[in-house]
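Reviewing the structure listed below.
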């Protein structure tokens, strides 16, 4: 079970890069762990640290103004590459609760905002993926650059991203109704299964009765 999320407020941070793949999000050397914890420190490892293991001052997210950010603004096709769920764990454990990215183009030429598997893994881990237009995301980039420490509210019930500027700016986003329901109620795959616990127990009781061995005299 996850924590229910209806809305939350957080600092916006920008990562002005397209086609960020899962090996950039969490490099392969960190996939050896059999635990599901401890990945936050390795998020964007190759960009985030220099050869001495110190914070790379050239990497956007190391900027002091982005410390404690929980809403990531980035470019299209975020999370492409391999299907490793560790990438989502790293994003979550770093502290990001929502990712905003734009799609580009239309029809057969459309470039998605998020890779499908990454997006599905985010939904299973209660990370909200928000797809907006290129123009909308560009506007957010401009506002974050202009206002240090800019905060926004993700209102999942109303499906709005609200930037807390001197004059508030809001963006509507679409989300799969089932994903929205699960995040609002804090339901992961295990939680969804447990909702059917009574039916499962009834089935097991009937099944076990049917296959019980007969007494042999």
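Footprinting exposure proxy ranking of 43, 15, fewest other C-beta atoms within 10 angstrom first, gives 15, 43.
Can you sort 86, 172, 185 from fewest to most other Cβ atoms within 10 Å of each residue's own Cβ?
Values: 86 20, 172 12, 185 15.
Starting with the residue having the fewest Cβ neighbours, the order is 172, 185, 86.
Over the chain, dividing the summed -39,500 (n - 2.57) contributions of all DSSP H runs of at least 4 residues by the number of residues returns a 222 nm mean residue ellipticity of -9000 deg cm²/dmol.
How many percent of DSSP beta bridges within segment 7-188 run antiparallel, rounded to 5?
Details: 15 of 28 bridges.
Of those bridges, close to 55 percent are antiparallel.
Gain on full extension, evaluated as 0.36 nm per residue between residue 8 and residue 167 minus their Cα-Cα distance, stands at 55.3 nm.
With a simple spin-label model that places each label point 7 Å from the Cα along the Cα-to-Cβ direction, the separation between residue 46 and residue 175 comes to 3.2 nm.
In terms of the Cα gyration tensor, with a ≥ b ≥ c the square roots of its eigenvalues, is segment 1-137 rounded because a/c is under 1.5, prolate because a/b exceeds b/c, or oblate? It comes out rounded by the Cα gyration axes. Each Cα pair under 8 Å and six or more residues apart adds its sequence gap; the mean of these over the residue count of segment 7-188 is a relative contact order of 24 percent. I'd like the distance between the alpha-carbon centres of segment 73-87 and segment 13-40, rounded to an integer number of Å. Here the answer is 9 Å between Cα centres. Computed from Cα atoms, the angle from the helix 134-146 axis to the main principal axis of the chain rounds to 60 degrees. On the basis of the beta-carbon distance and an R0 of 22 Å, residue 56 and residue 30 show a calculated FRET efficiency of 0.80.
Each reported figure results from applying straightforward, stated rules to the coordinates on display, with no laboratory input. These numbers were taken from a predicted model, which means no experiment stands behind them. Glycine gets a Cβ as well: all are built from the backbone with ideal geometry, and neighbour counts include every protein chain shown.
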